[in-house]
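A short write-up of the structure that comes next.
The values are calculated or read from the model by the stated rules, or taken from the named source; none is laboratory data. In this text, all values refer to a predicted model and were calculated from it rather than measured experimentally. Cβ: placed from backbone, ideal geometry, glycine included. Neighbour counts: every protein chain shown. All accessible areas refer to the heavy atoms of the entire protein, side chains included, with ligands and DNA or RNA removed. Shrake-Rupley method; radii C 1.70, N 1.55, O 1.52, S 1.80 Å.
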Amino acid sequence: MSENECVVDAGADVVFAILGDGWSYAAWVVGASRIRDVDPSWPAPGGRIHHSVGAWPFLVDDTTTSLEYEPERRLRLRLRVWPVGHGEVEFRVTPMAAGCRVVMTEQAVSGPVALLPSAAADLALHPRTAEVLRRLKLIAERRT
């Protein structure tokens with residue numbers, strides 16, 4: 001499992017407006033290259049984002065499913081990356097006097113990365129979570 005965090009100079013409502021906008025997913029998620037569809041129920045549990053991973057012409061169509069959603073506090077997702085496996089990602093947001101703190105955890109639950117020892121899996125996932133948070137922070141702060 002990998003955990004990363006950042007402080008965002010924007011409120012939790014702004015961060016969750018981005019997390020709740022499935023059409024913006026490819027702008028801040030590393031690897032997602034285009035959005036094909038977003039279920040009307042997104043980000044409620046069971047709602048899905050239908051996206052593609054990779055670069056043309058090597059695109060793979062996949063989905064991300066919301067598992068748990070607490071507005072302005074928490075969002076837990078199940079990532080499907082065929083044929084590599086599945087992962088789970090959680091965003092926890094804590095309001096601060098100025099802005100908010102965002103903690104992102106990511107864990108491979110199936111596939112090759114899930115077979116690695118924890119420290120090795122963290123080495124594989126940590127750069128990705130850092131870049132996802134960097135992108136999310138930039139978008140959120142630009143909106144304020």
Solvent-accessible heavy-atom area per residue, rounded to whole Å², over the chain at 1.4 Å
52
Candidate values (1) 1.19; (2) 1.00; (3) 1.26, label of the one derived for Cα Rg over 2.2 N^0.38 Å:
(2)
Which residue fluctuates most in the GNM of the chain (Cα springs below 10 Å): 119, 55, 97?
97
Over the chain, what is the relative contact order in percent, taking alpha-carbon pairs closer than 8 angstrom and at least six residues apart?
30
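Which value, in debye to the nearest 20, describes the size of the charge dipole of segment 43-85 about its Cα centre when Lys and Arg Cβ atoms bear +1, Asp and Glu Cβ atoms bear -1, and nothing else is charged?
On the way: 6 positive and 5 negative charges, 22 e Å.
Rounded to the nearest 20 debye, it is 100 debye.
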Cα-derived Rg to Rh of segment 15-92, Kirkwood definition:
0.95
Enumerate the whole-percent occupancy of each 10 Å bin, from 0 to the last occupied one, for all C-alpha pair distances of segment 93-144.
21, 41, 25, 13, 1
